[in-house]
Structure formats: C-alpha cells, structure tokens
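Computed from the coordinates by the stated procedures, all read-outs in this text should not be read as laboratory data. For clarity, every value in this text was computed on a predicted model and none was experimentally measured. When we count neighbours, we look across all protein chains shown, and the Cβ atoms used for this are built from the backbone with ideal geometry, even at glycine.
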Protein chains: 4
Amino acid sequence: MAAAHEMEIRVRYQETDGQRRVHHSNFLTYFEMGRTEMLRSYGHSYRDFEDAGLFMVVSDVQISYRAPAEYDDLLLLRTRVDKVGAAHIKHAYEVIRGTQILVTGSTTVVCVDAEGKIRRLPEWMLG
Amino acid sequence: MAAAHEMEIRVRYQETDGQRRVHHSNFLTYFEMGRTEMLRSYGHSYRDFEDAGLFMVVSDVQISYRAPAEYDDLLLLRTRVDKVGAAHIKHAYEVIRGTQILVTGSTTVVCVDAEGKIRRLPEWMLG
Amino acid sequence: MAAAHEMEIRVRYQETDGQRRVHHSNFLTYFEMGRTEMLRSYGHSYRDFEDAGLFMVVSDVQISYRAPAEYDDLLLLRTRVDKVGAAHIKHAYEVIRGTQILVTGSTTVVCVDAEGKIRRLPEWMLG
Amino acid sequence: MAAAHEMEIRVRYQETDGQRRVHHSNFLTYFEMGRTEMLRSYGHSYRDFEDAGLFMVVSDVQISYRAPAEYDDLLLLRTRVDKVGAAHIKHAYEVIRGTQILVTGSTTVVCVDAEGKIRRLPEWMLG
C-alpha cells in the first residue's frame, strides 16, 4: 500500500457554509472516503472489515487549510499511507483543485474490536 | 403524550449553506431532537429504547419551508404527537422565530426490532 | 427537461447513523445532487445560476422510506421534473439499489433573487 | 479572554455513525460552537462580526480522540484562548463526559475580509 490513491470529489451544496466555502469539517469526511476507496482499489472493502468484527477508529487528526474550496468544485483527493504499525495506520492527504493544493492533512486510525480493545491489523491489510 | 413539547435550538454555523440559510436538510435533525427531548420530558430515554432492542425508524416525512432561518438564530421547536398507531407515531412540528413560523413538518416513525421487523410500541410509550 | 436523469451515489460512512443505516436527512442532500447533475446534463450549472443573482430555495419536501440504505451501498438516484411553473419546479426522485426502490420523494424549489423576492425562472431553464 | 468557557452539548442521533459513536468530524462543529458561545459570553456576537465584513476562517486543526462519545451523552466542552496574534487566534478544547476527557483539540482561526485578505483582529476582540 505504498503508492498514492487518487479520486475525484464534486463539492455538494450542503457541504458549503455561510461563507460559501466548504465547511472545514467536511474534509474529514473526504479523507474517510479516500481511505475507503484506496482500500477498494486493493481489492478490499471496509464493509467486510466491519462485518468481520473489526473497526478502524480515528485517534488523531491534523489539517491545514491553505485556500477555500467552493460549491461545485471538482476536487482531486490524493491519499497515501504514511506509516503502518501493528495496530494502526497513518494516512496523509492532499486536496487539489487544478494545480493548487487547497488542503493537506493526516489521520491515524487504530484497529479495534467490537469491545473497543486494540487489535492487530489483519495480514491482508499489511500486504 | 397529547401536549406539545417545546425546546430552543441555536443555529450552528455548520448548519448554514452558501445561501447563509440553514440548509433544508437540517430540519429533519431538529425534528429528531424534538422527538428525543419530548420523550425525555415524559421520563423516558430513546437510548434505553434502543438498548432494549427496539428502534424507531422514519418512514415518512413532509416539510414546508416558509421563511429562512439564519446562523445564530435562536429557534423554538414545537413538537406534538399527531397520531399513535399500534406500531407507529406521527409527529407534527413547528419551527418558530419570535412570532413567525418558519417551517412546519410532520414525520411518521415506525417501531422495529434489530432485524427490521415491525413491532408493537411498548406500553409505556402509549401511556 | 422531460426525461429522467440518473446518477450513482456511493454511501459515505459519515452518512450512516447508530442504526448503521443512512440517516434519513441525507436523502435531501442526495436529491439536491440530483438536481445539480440533471441541470449539468442539460449544459447548465447551478453555480452560474447563483453567480447571476438567482437562487433556488426549497419550499416543500416529501419523502417515503421503504427500506434502509447502508454504508458503501452503490445507489442509483433517478431524478425527473414533475411540474414546471413560472417560478418553481417540482422534482420527483427514486433511490434504487439493484432492483429495489428504497426511497421515493419530491421537492419543490422556488426561484428567488438575493433579496428573497420570487422571480420568474430564466428562459433557458424552461427550454 | 484568558479564562476558559464551558458549555454543555447533548449528542444528537444524526451525529452518530455506524459504530454508534459520534462521527469524528462533528467535534469540529462542537469546537466552532465553543468559539461562538465564548465570544457571546464576552458580550459579542460572531454574526455581528460577519455583518461588519470580517470573517474568521479556520487555518489549522489538530484533534486527539481518546474515548468515544455516544448518542444522548451530555458532554462538557471547555474552550480557551491559547494564543492571540495580530490576525489570528489559537483556541484549545477539551470534550469531557463526567470526569473523563474524551477528546482534546486545537484550532487556529484567521481574520479575513470578504475578498479573503488577512486583516487585523478588531480591538474589541483583543480586549
């Protein structure tokens, strides 16, 4: 899982706020979509992951906003794996419009079971 | 459960959209808060309801928007029970600012179990 | 604008609620996406519409929920124009997974200017 | 603006996700509420601020999630000013349930005008 995954996201009207920009909280949802689709591009589904009794919970988040995204913008989200531990994965993200990087960020997700106990990442996720 | 329940809701910035109004989808969240708080005012908790294996799912929604609500408005949400069946409840709502009714609506919620099968409303809910 | 417009929507994790279903309020956001993309398929952009000082505001909403949509479902949203007036458009929607209709709904949007006064729909929108 | 501001937040059903926890993106909305209400407690309104042509835009965010918040939890949000510059304010936040700190975070907001140019914070905000 070394390479970067890229996907397009069309900004929804509902995601904008009174400043006509994408409300800053929505980028966490975009990042989550990046993780889901990157996993799918490797032939896996996060839904199956949960159906198997494991969950990825977000433990840390960092975001820098350089320029606003607006309604109807077609954004490029670039997701890559930054670091993999026994039970956690750190991802890094860039949100790009044209040639401009609007937002950068990173998240750490931790693998837990239904009781919230930390669990090793399944083999297939590390491959 | 005949009388009306009233609660105040302060509009959040995140709830506004590019028109600087509350995005119309948020009123369904407000209505849901009204149902929760009306239930609490009768000494019950919807959380306990779910912990007991029952769920209220929304089957029908109708909303009329007369005037916009804006960021930081202090709204009054009036919730009342319109009709109670064996397995469903129909609520009616008014969202008011000062003396002006901004939004009216109604929802029907149906009682189901964890498998999604329709179940009779518990006695205490009808009382 | 007689024919139906169809688009796919992948359910986001953020859109689910504690019942593991798409929270019922999100279908209003889906419907809004359907209106935007239908307009685009006719060569127009709602962003240009707002940049020209006109706004479409939602005045009425009706939704019926028949079956739940879940995380990661790939939904088909079918949008069609039901009725066009001098200043408003009524749309009808179906949300479909496979061969099953999960949700149906309708909305009425009204054309207003920046002051909120009702305005005739521009010619190109009626064409 | 040295002291901490405290407010209670009742978790909404819509804010939970398929893991029955508050979706991690909602804490940014909670932090925003904290900033609004802290400002109000000093006799000011962020709405007036925007009506005067100034905007606070979020430039940086950091969040650490220690334990999940759940539907219907009554949370305490503690907001304090960490640092004030000529054009920006850094806030720090704690989200607490009972005696347990669930989430900590910080944000930096920058004062801009309608064109997005960075502007000095008004005197009354520094006082």
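A few comments on the model shown:
- In a simple Cβ point-charge model (Lys, Arg +1; Asp, Glu -1; nothing else charged), the protein assembly as shown has a dipole of about 0 debye relative to its Cα centre.
- Reference-scaled alpha-carbon Rg (2.2 N^0.38 Å with N residues) for the range C:5-126: 1.12
- Residue of chain C whose Cβ sits closest to the axis mapping C onto A, with distance in whole Å: C:Arg12, 5
- In this structure the amide hydrogen of B:Ala69, modeled in the peptide plane, comes within under 5 Å of the amide hydrogens of B:Val22, none closer than 5 places in sequence on its chain.
- 3J(HN,Hα) from dihedral phi, the range D:45-54, Karplus parametrisation 6.51/-1.76/1.60, rounded to Hz, x for glycine, proline: 10, 5, 4, 4, 4, 5, 4, 8, x, 10
- Distance-filtered residues of the range A:81-112 - backbone nitrogen under 11 Å, label point 7 angstrom along A:Tyr42 Cα→Cβ: A:81-85, A:89-90
- Across the copies of the chain, D:Leu74 has label points (7 Å from Cα along Cα→Cβ) spaced 2.0, 4.7, 5.1 nm apart, shortest distance listed first.
- Taking chain A and dividing mean pair separation by its residue count, relative contact order in percent (alpha carbons under 8 Å, at least six apart): 29 percent
- Net charge over other residues, Cβ less than 11 angstrom from the Cβ of D:Val81 (K, R count +1; D, E count -1): +3
- Centre separation in Å (Cα based) which lies between the range C:1-71 and the range D:28-81: 29 Å
- With its label point defined 7 Å out from Cα along the Cα-to-Cβ axis, A:Glu6 lies at 2.9, 5.1, 5.7 nm from the matching points of the other copies, in increasing order.
- Checked against a 32 Å cut-off, the cross-linked pairs A:Lys90/D:Lys117; A:Lys117/B:Lys90; B:Lys117/C:Lys83; C:Lys90/D:Lys117; A:Lys90/D:Lys90 give Cα-Cα distances beyond that limit for A:Lys90/D:Lys117; A:Lys117/B:Lys90; B:Lys117/C:Lys83; C:Lys90/D:Lys117.
- Shortest-first distances to equivalent copies, position B:Gly53, nm, label 7 Å out along Cβ: 2.0, 6.3, 6.5
- Once the C-beta distance of A:Arg66 and D:Ala67 is scaled by a Förster radius of 35 Å, the resulting FRET efficiency is 0.65 to the nearest 0.05.
- Taking the C-alpha atoms only, the angle from helix A:26-41 to the longest principal axis of chain A is near 50 degrees.
- Charges were assigned to the Cβ only: +1 to each Lys and Arg, -1 to each Asp and Glu. The resulting dipole of the range C:29-127 about its Cα centre is roughly 360 debye.
- Volume per residue of the convex hull around the Cα atoms, evaluated for the range D:58-127, comes out as 122 Å³.
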